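Participant: Dropping a structure here in structure tokens format, bear with me for questions.
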Amino acid sequence: MKTAPSVSAGMLRVSRSVLVFQLFQAAATRFRDLTHLKAEDFVSALLVAGAETNTSVSKTQGDASSSFVSICGDNGELWEEITGPSSVRGIRAINWDDVGHQVDDYLGDLKVVLGTLSTTIQDLHKQIEQKEKLKGARTLTKKEIGDLVAAAVSHEEAFGEFDAAKTTKCGKPGYKWKGKRPNPSYQSGSINAMQSAADQFFGNSEVKSEVGIFTSTCEDALGFVRTGNPEDDDLASYCDELCSELAKVVQDVSNARAAKDLSSLDRLKRALAKQRTAAEAEHLKQTECEAQWMRISDFKDYILGLQDDMSVKYKAVQAAQWALSDAQDVLAQAGAQLDAQQELAQSVSAKLHDLGQAVDSAQGAIAPASRMKDDIDIKAKATSDELDMLNGELEALRAAKMIASDLKERVSFLLLKMDAYTEESVRQPVREIGLAEETDVYNGFFERDVSIFPEAGYVDGALGKFYGYCENEAQRIFAKVMKHVDLRPLCDLAPEATTSKELLSAVQERSEATVESVQRVQTWLNPFKGTDLTKDTEATKYVDQGEPLGLRRIFSVYHNSGFHREYLTHWKLNGKFLKLLKKANMQVSMVDKQVKRAQETLIEMQRDMLQAQAQYKEAIEALMSLEHSSTALQGEKEAVQAELEKLKAAHIQAQTSLQDLEERVAEAVRQWEASKKTLLTEHGKVKDKGTFGSLEQVMAKRLRL
């Protein structure tokens, strides 16, 4: 996360901790009475409060709020662009291709960096392997130790001759060489001479010294006698003390030479560790970017999928409404055409009567048709009211589906922000210290067996030297002061093997306990902690069954909050909110029954109108016969003939409309069946979005009227 220089990371994290409380408080203040508060109203208020709170925070924190969530190395711009829109239309308007290109560029740059780091790491491995081969320096031989001792004690500032040191028992009072006492500065002279000899020797040789071997070999070379009584042997000669001092000098030089080689090796290992850390950091950025983009892409697909699903349902219901409206229009048109026939038939009959024609036969056909038309008008009014009511039910059904989808979108949007808050406050800090979801703490961090570390050998070696000192030199000193004080308890130790095992076990146990703690922290990087869910199984098990996307991701952190217990938990599969939404399907069933009743009514209306048409046909034929037999003047007959032509045209039009009514009723039923199937299908399960026909197709059919 990147923060503005004027706001510390600590201040920013504290402000985020307060942010959630402010969010709910702001939402709650919008409703004084929470008893009858509707869920969707509260969520809407929550989102509004969130926007206002974010605005307030941005004013007090400057640029800090803009970097609330860094996505793929940016400064928060992508997060603002993605979460900024307050509607699905705004989300759809985001240039997702451009966002995707930014992510691809970032990942491409990381790939180049990782490639360079990989090459450097391989080169360091090769150098370390070469250095490791030089670590097997041999131990000094007894001859080499003897030569070094002889060179030291034979120096002119020491004993001058090797035999002088041996004969005088390394300067013990009372022992002389050639009648003379040794050089009073023999000890410092021997040590200085050994320093020079050792520097020269170890500067050109791949060897190492061990104190115990050097000391015993030195003592043997100078004639130190071991009788089995350490106290007496120590008092009989000073050679053991001198050899102990010379051994320390040689060991220091040996260690310095080894340290030089080890220092070069350590530098390479430190460089390797540094490059590995850098590679892990870059890999972490890569993994985090991919995970963030995957999560945001899933959210985008889910939200837009909900919108597409709602669009499918909307068009399905609208297509059914248009088809029903078309049938209603054709019904009204057929009724009007029957009215026109009745009016024209009466007009022609009256004109023929005025010409002296007996119109009883025609009136015998017109009268039943008129009575049927009166009944049809009454039924048509009731049918029209019924169809208007049905259209209203369809509109309500469409609105119910839309509000359900819209509310689910808003809940998912809120869940995304809640999860991002957890991501930034809990998971991201853990990743920033180098612990990622896929990190194997036993690969590059801890060892399952801590005894493999060189330090374990160092401890064991130091322990051995300590035990050796207590068993040898310390005992000689203890013997000298025994008559004054018994110091032997200072070296009263358990067996060396037991102590060594205990020290190793203590470190092993602490290492394992630390790993367990780290792994426990690592589990919080999984948003589905405590479950067997993954991103994919969340979709198939829950989201495809109706749950809002992200509900399972926020559970492990927010499950104890009142908002989750009292609200969010009801969005779970088989929860009361999804059951409530499924009740809309009962409304679909009710509308389905109304559609079937309307179908029966329209079919009955068509049948009645066809019977009326038959009566009008008889009347037209009778009127035509009367017109042919009329002896009236041609001018008088022309007016009657014109009226008859209009009557015949109206009859044909009515017949066409009634045939079209049959098609419109069938089309309305077909569109409703397709719409019903779509409405009963949950988001994520729509397999065929084109079963109901496009709105354009429905409009085209309407235009044919």
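Participant: How do 512-521, 543-552, 423-432, 561-570 rank on mean C-beta neighbours within 10 Å, highest first?
Facilitator: Values: 512-521: 12.3, 543-552: 21.7, 423-432: 16.8, 561-570: 15.0.
Final packing ranking: 543-552, 423-432, 561-570, 512-521.
Participant: Can you give the direction-averaged projected area of the convex hull of the alpha-carbon atoms in the range 444-550, in nm²? It would help to have the intermediate numbers written out before the result.
Facilitator: Values: hull surface 42.5 nm².
Taking a quarter of the hull surface, the average projection is 10.6 nm².
Participant: Would you pull out the residues with amide H under 5 Å of residue 155's amide H, same chain only if 5 or more places away, H placed 1.01 Å from N?
Facilitator: Long-range HN contacts for residue 155: 160.
Participant: Packing-wise, with mean Cβ within 10 Å as the measure, how do 379-388, 312-321 rank, highest first? Don't jump to the answer; show the numbers that get you there.
Facilitator: On the way: 379-388: 15.3, 312-321: 23.2.
Going by the mean number of other Cβ atoms within 10 Å, highest first, we get 312-321, 379-388.
Participant: Give the carbon-plus-sulfur fraction of the accessible surface of the range 149-253 in %, rounded to a whole number; probe 1.4 Å, heavy atoms of protein chains only.
Facilitator: 50
Participant: What residues qualify as long-range amide H neighbours of residue 208, i.e. H under 5 Å apart, gap of 5 or more or another chain, H built at 1.01 Å from N?
Facilitator: Result for residue 208 returns 138, 139, 140.
Participant: Can I ask one more? For the range 236-353: lysine pairs with Cα atoms under 26 Å, gap of 8 or more or different chains, count? Walk me through the intermediate numbers first.
Facilitator: Values: 248/260; 260/269; 260/274; 269/285; 274/285; 285/300; 300/313; 300/315.
Pairs that pass both the separation and distance tests number 8.
Participant: For a protection proxy built on the mean count of beta-carbon atoms within 10 angstrom, sort 334-346, 472-484 highest first, please. Display every interim value, and only then the final one.
Facilitator: Details: 334-346: 21.2, 472-484: 13.5.
Result, highest mean first: 334-346, 472-484.
Participant: Then there's this: Nearest 20 debye, what's the magnitude of the dipole of the range 153-254 about its Cα centre given +1 on Lys and Arg Cβ and -1 on Asp and Glu Cβ?
Facilitator: Working: 10 positive and 17 negative charges, 96 e Å.
With Lys and Arg at +1 and Asp and Glu at -1, about 460 debye.
Participant: Can you tell me which aspartates and glutamates have their Cα less than 13 Å from the Cα of residue 582? Leave out same-chain residues fewer than eight positions away.
Facilitator: Of all the aspartates and glutamates, those that pass the test against residue 582 - Cα under 13 Å, at least 8 places apart if same chain - are 547, 682.
Participant: Go through 417/529; 169/501; 111/408 and tell me which ones have a Cα-Cα distance over 29 Å in this structure.
Facilitator: Numbers: 417/529 18 Å; 169/501 41 Å; 111/408 38 Å.
The pairs that break the limit, which is 29 Å between Cα atoms, are 169/501; 111/408.
Participant: So which aspartates and glutamates can residue 126 reach, going by Cα to Cα under 17 Å and dropping same-chain residues fewer than 8 places off?
Facilitator: Excluding near neighbours in sequence, the set is 261, 266.
The values are calculated or read from the model by the stated rules, or taken from the named source; none is laboratory data. Everything numeric in this text was worked out from a predicted model, so none of it was measured. Because the Cβ atoms are built from the backbone with ideal geometry, glycine has one as well, and the counts that use them run over all protein chains shown. Note: areas computed on protein heavy atoms with side chains; ligands, DNA, RNA excluded. Shrake-Rupley method; radii C 1.70, N 1.55, O 1.52, S 1.80 Å.
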